[in-house]
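The values are calculated or read from the model by the stated rules, or taken from the named source; none is laboratory data. From a predicted model like this one, the values you see are computed outputs, not experimental measurements. Cβ coordinates were reconstructed from backbone atoms using ideal geometry, including for glycine residues, and neighbour counts include every protein chain displayed.
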Amino acid sequence: MRSFELRKFVAPELLFGNGARHYAGRYVKNFGAKNVLLVTDEGIRKTGMIEEIGADLTESGVSFEIFSEVMPNPRAENVMQGAEIFRQAGCSALVAVGGGSVIDCAKGIGIVSSNKRPITEFEGVDKVIIPPPPLICIPTTAGSSADVSQFAIINDTQRKVKIAIISKTLVPDVALIDPETLLTLPRKLTAYTGLDVLTHAIEAYVSNASSPLTDLHALEAIRLVERNLENAVEHPRDLSLRGEMMLASLYAGLAFSNASLGAVHAMAHSLGGYLDLPHGECNALLLETVITYNYSSAPDRYNSIGEAMGCPVYTVPQEERAGMICTEIHRLRTALGVGQTLGALGVKKEVIPLLAEQAMHDVCMATNPKNPIKSEIEALYESAL
């Protein structure tokens, strides 16, 4: 029988569809902001998208400063630099145009601007006391779902670890979700971010904080990834495929923002922070080994995931079902060119105890369906080498 335990569900105002990005000026004007910080990165600047959005802001009578010094896996230093520009320019709102790195950096800038403390002091759950200024997000990847989530992931370069900041104050005020922004996304990033969507959805569905509200979104995200990701990589100019993947990212984001994640993300945050690797790639290389470990704690849920991925799980004995699901995930990531191991990325066995220690303290581990000890996390890293 389905459980109806008390759960909250938070989401921003959404505008989804082709051309949604052009409404940034109207929304900023609605917030009464006269000067905004437009946060992006150099890759997005080269596409011409910032000029478009800047023109929309100007047409609405809004002035803006551009901060484009955001690195992949955004550093705490990027956040602090952006917050200083926000202060000096007298900005009162933020517009983030980019992938998860850009949006997380913009969230961090907002936190620091309102709370006047270093971003590294906000690691954990509900540590953001003063709400950040208004934030409007225009995602340019179908992966991180930072545009709808209450998460911000920042790289603490001093400790060589990614820190997770979780607070309902970090849910953006508006998400302008426009599939047209994906048309310039490179093949490799399409694959990595798409596998990130899959991991978000799977971990949200098996999370011990899941609910009927998050289950609906998680399973549909899994179905959409299975049906569309390979084709989206092969046909990057197909706007319909891009739209399906953007929808998958939205659904997965609504799921994990409210159900949280699990061991894959806890381990990926540790790994990505230490070696500065793409987040989606880290997730993809850890997903199969974590599913194998977790399966016995949530077999029915994993079986539903297998069905959503098109696996005939109920035609084989129970003990073979986890393997069937992992085989399909391995097939998918290999077809997308993500067939390597952690060892091939430079992970050495001697650093595994440190990675495991950091992963055990990640907030995402709290909602994993199975409660691991450090030696088990070490074994999971080793099995993915």
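Hey, ILE85 hits all of (1) in contact (Cβ under 8 Å) with a residue 12 or more places away in the chain; (2) out of contact with any Phe, Trp or Tyr (no Cβ under 8 Å at 6 or more places or on another chain); (3) surrounded by fewer than 22 Cβ atoms within 10 Å (Cβ to Cβ); (4) of a type in the set (A, V, I, L, M, F, W, C) but one; which does it fall short on?
Only one criterion in (1) in contact (Cβ under 8 Å) with a residue 12 or more places away in the chain; (2) out of contact with any Phe, Trp or Tyr (no Cβ under 8 Å at 6 or more places or on another chain); (3) surrounded by fewer than 22 Cβ atoms within 10 Å (Cβ to Cβ); (4) of a type in the set (A, V, I, L, M, F, W, C) is unmet by ILE85, namely (2).
So which residues in the range 323-380 are of a type in the set (D, E, K, R) and either touching a Ser or Thr at 6+ places or on another chain (Cβ under 7 Å) or assigned to a loop (DSSP other than H, G, I, E, B) (or both), if there are any at all?
LYS348, ASP362, LYS370
Quick test for you: out of LEU229, LEU224, pick the one residue that is part of a helix (DSSP H, G or I) and either within 30 Å of HIS361 (Cβ to Cβ) or touching a residue at least 60 places away in the same chain (Cβ under 8 Å) (or both).
Matching residue, one of LEU229, LEU224: LEU229.
All but one of (1) of a type outside the set (Asp, Glu); (2) assigned to a loop (DSSP other than H, G, I, E, B); (3) in contact with a Phe, Trp or Tyr (Cβ under 8 Å, 6 or more places away or on another chain) hold for GLN158; which doesn't?
The failed condition is (3).
Hey, among the residues in the range 56-70 that are over 24 Å from LEU239 (Cα atoms) and out of contact with any Leu (no Cβ under 9 Å at 6 or more places or on another chain), which one's surrounded by the fewest Cβ atoms within 10 Å (Cβ to Cβ)?
GLY61
Can you tell me which residue is farthest from THR193 (Cα to Cα) among those in the range 37-55 that are buried (at least 17 other Cβ atoms within 10 Å of the Cβ) and of a type outside the set (A, V, I, L, M)? Reasoning before the result, please.
So in the range 37-55, the residues buried (at least 17 other Cβ atoms within 10 Å of the Cβ) come out as 37-41, 43-44, 49-50, 53-54.
From what is left, the residues that are of a type outside the set (A, V, I, L, M) are 40-41, 43, 54.
Numbers: THR40: 18, ASP41: 17, GLY43: 16, GLY54: 26 Å.
Here the answer is GLY54.
Here are some residues: ILE163, ILE136, ILE154. Which one is closer than 20 Å to MET365 by Cα, in contact with a strand residue (DSSP E or B) (Cβ under 8 Å, 6 or more places away or on another chain) and at pLDDT 95 or above?
Values: ILE163 fails: at pLDDT 95 or above; ILE136 fails: closer than 20 Å to MET365 by Cα.
Just a single option satisfies the conditions, and that option is ILE154.
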